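S.K.: Have a look at this one before I ask anything.
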Amino acid sequence: MKAMVNVGLLRAGGGYVSVQDILATFKANRIEVERYEVRLIQPSLEGEDTFVAEVNFPLANNYRAVYAASVALGQDCIAVLWPFGGELIGPKAAEWGDFREEYFHRLEVEHV
């Protein structure tokens with residue numbers, strides 16, 4: 001199943017997550033990254049720098065894979081946009097409230 005994910009680059013406990021750490025963690029959890037980019041937020045704007053990726057889940061247990069990646073990366077949660085809607089997944093997802101699509105970063109559609 002394909003989805004899009006947003007991972008903030010600030011760790012919940014402090015410090016930063018590197019793109020290399022995200023890619024390695026996703027691979028370890030069988031989350032295939034098809035393409036990605038990092039969105040940098042201007043200091044005057046609300047939000048944080050974000051890893052934005054289109055991913056594929058070859059196995060059926062998608063939720064567990066994202067939850068495990070969230071824990072391994074020290075994130076409260078990871079935002080996921082599935083074909084049927086979005087959700088926040090991780091150990092502190094409930095503290096962030098509902099998925100809000102207006103805050104979700106998307107990759108541009110590739111034209112061939």
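The values are calculated or read from the model by the stated rules, or taken from the named source; none is laboratory data. Worth saying up front: this structure is predicted, and the values here are computed from it rather than measured. Virtual Cβ from ideal backbone geometry, glycine too; neighbours counted across all protein chains shown.
S.K.: Looking only at segment 43-62, which residues are among the aromatic types (Phe, Trp, Tyr) and modelled with pLDDT of 95 or more?
M.R.: 51
S.K.: Against the condition within 22 Å of residue 108 (Cα to Cα) and without any contact (Cβ under 8 Å) to a residue 12 or more places away in the chain, how does residue 9 come out, does it pass?
M.R.: No.
S.K.: Look through 60, 79 and report the one residue that is among the hydrophobic types (A, V, I, L, M, F, W, C) and in contact with a helix residue (DSSP H, G or I) (Cβ under 9 Å, 6 or more places away or on another chain).
M.R.: 79
S.K.: Would you check if residue 36 is under 14 Å from the mean Cα position of the chain (by Cα), in a strand (DSSP E or B), within 18 Å of residue 3 (Cα to Cα) and of a type in the set (Ser, Thr, Tyr)?
M.R.: So residue 36 fits the description; yes.
S.K.: A follow-up question, please. Looking only at residues in segment 34-52 that are touching a helix residue (DSSP H, G or I) at 6+ places or on another chain (Cβ under 8 Å) and closer than 16 Å to residue 108 by Cβ, which one is surrounded by the fewest Cβ atoms within 10 Å (Cβ to Cβ)?
M.R.: 38
S.K.: Can you say whether residue 65 is in contact (Cβ under 8 Å) with a residue 12 or more places away in the chain, touching a Lys or Arg at 6+ places or on another chain (Cβ under 8 Å), part of a helix (DSSP H, G or I) and surrounded by 13 or more Cβ atoms within 10 Å (Cβ to Cβ), as far as the supplied structure shows?
M.R.: yes
S.K.: Pick from 74, 97: which is of a type in the set (Gly, Ala, Ser) and exposed (fewer than 11 other Cβ atoms within 10 Å of the Cβ)?
M.R.: After ruling out the rest, the residue left standing is 97.
S.K.: Being at pLDDT 95 or above and assigned to a strand (DSSP E or B) is the filter; apply it to segment 9-33 and report the residue that is surrounded by the fewest Cβ atoms within 10 Å (Cβ to Cβ).
M.R.: So, considering only residues that are at pLDDT 95 or above and assigned to a strand (DSSP E or B), the one surrounded by the fewest Cβ atoms within 10 Å (Cβ to Cβ) is 32.
S.K.: Being more than 12 Å from the chain's Cα centre (by Cα) and either in a helix (DSSP H, G or I) or at positive phi (or both) is the filter here; which residues of segment 75-112 pass it?
M.R.: Passing the criteria: 85, 93, 94, 95, 96, 97, 101, 102, 103.
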